[in-house]
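Worksheet: one structure, shown below.
The values are calculated or read from the model by the stated rules, or taken from the named source; none is laboratory data. Note that the coordinates shown come from a computational prediction; the quantities given were computed from them, not determined experimentally. No Cβ is skipped: glycine too gets one built from the backbone with ideal geometry, and neighbour counts run over all protein chains shown. The area values use the complete protein model at the heavy-atom level, side chains included, leaving out ligands, DNA and RNA. Shrake-Rupley method; radii C 1.70, N 1.55, O 1.52, S 1.80 Å.
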Amino acid sequence: MPEYMTPFTTMINLTNGVIPNAVVVQKRYLKDMEGLFADSRAEDAEMINNPLLYEVHEATNNPMEEGQLRYSTTTIYPGKVGGEYYFTRGHYHEIGNRAELYMGLAGEGYLLLMTPDGEINVQHMTPGAMSYIPPFWAHRTINIGKENFVFFSCYPSDAGYDYESIVDKGFAQIVVEQDGKPTLLPNPKWTK
Ligand code: M6P
Ligand code: ZN
């Protein structure tokens, strides 16, 4: 006989991403992102202010076992470091074959995806956009607008996070403002 978990419902504020009874709220400041922006001088200069770049509200602490799901909301604030829009750290899943689903709730962003070979894919996210992250793709979200970019995500509980590869190599492309528009450029720090 399986042990039956009790079903439950979570309330989510669809415009600002707040989950009133979130089990974990993570706030990520520039200090938590050291070395990730392409323009190191701009990053160093901005470190004095140490702005809050984004926060993640985790709705559940469902068991980290196969078959379970977790879900969360992320709010990325508008801003740039050396012309590069604020983004999340980005990760591969520790168990590489785990997929993930994102849904745009407010504002405007890019979902930047990359295979371990450095192939890049970009999805434009606005409210209502459901973006599918297939197994094995690293993923990072970027606020390309002037308002908060808010999205919902749902992922297998056992997926885990591999941040190391991103810290070491970064993403093959960066998103910077050029002529007032988000533009993809090769990442000068990228190593294959
Ligand atoms: C989404 C999900 C979370 C992730 C968050 C921030 O909400 O993918 O699992 O934690 O984005 O991304 P990161 O962990 O890369 O900073
Ligand atoms: Zn993920």
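Holding the Cα-Cα limit at 24 Å, pick out from Lys27/Lys192; Lys31/Lys189; Lys80/Lys189 the pairs that are longer than that.
Violating the 24 Å limit, Cα to Cα: Lys27/Lys192.
Sorted by accessible area (1.4 Å probe), largest first, how do Met1, Met114 line up?
Per-residue accessible area, sorted high to low, gives Met1, Met114.
Between rounded, prolate and oblate, where does the chain land on the alpha carbon gyration tensor, with a ≥ b ≥ c its root eigenvalues, rounded for a/c under 1.5, else prolate if a/b exceeds b/c? Working shown, then result.
Values: a/c = 1.83, a/b = 1.47, b/c = 1.24.
Cα axes put the chain in the prolate bin.
Taking the Cα centre of the range 96-178 as origin, sum charge times position over the Cβ atoms of Lys and Arg (+1) and Asp and Glu (-1), and report the length of that vector in debye to the nearest 20.
160 debye
What order, most packed first, do the peptides 129-141, 15-27 have when packing is the mean number of other Cβ atoms within 10 Å of each residue? Please report the intermediate quantities before stating the final value.
Numbers: 129-141: 17.6, 15-27: 14.2.
My ranking of the peptides, most packed first, is 129-141, 15-27.
State, to one decimal in nm, how far the label point of Glu177 lies from the label point of Glu147, with both points 7 Å from Cα in the Cβ direction.
1.7 nm
Give the ranking of Asp158, Asp168, Asp179 by solvent-accessible surface, highest area first, calculated with a 1.4 Å probe.
Largest accessible area first, the list is Asp179, Asp168, Asp158.
If you build a Gaussian network model of the chain, linking Cα atoms that sit under 10 Å apart, which residue out of Glu65, Glu34, Glu94 swings the most?
Looking only at Glu65, Glu34, Glu94, the largest GNM fluctuation is found for Glu65.
Leaving out ligands, DNA and RNA but keeping every protein chain, what accessible area does Leu52 have, in Å² rounded to the nearest 10, with a 1.4 Å probe?
Estimated to the nearest 10 Å², Leu52 gives 50 Å².
Positive end of the charge dipole of the chain (Lys, Arg +1 and Asp, Glu -1 on Cβ, about the Cα centre): tell me which of Ser165, His91, Gly107 has its Cα farthest that way.
My answer, from the dipole projection, is Gly107.
Only four residue types carry charge here, +1 at the Cβ of Lys and Arg and -1 at the Cβ of Asp and Glu. Report the dipole size of the chain about the Cα centre in Debye, rounded to the nearest 20.
360 debye
Could you sort Thr9, Thr73 by accessible area so the largest value comes first, with the probe set to 1.4 Å?
Values: Thr9 125, Thr73 0 Å².
From most accessible down to least: Thr9, Thr73.
Please compute the per residue accessible area over the chain with all protein chains in place, 1.4 Å probe, rounded to a whole number of Å².
On the way: 10180 Å² over 192 residues.
It amounts to 53 Å² per residue over the chain.
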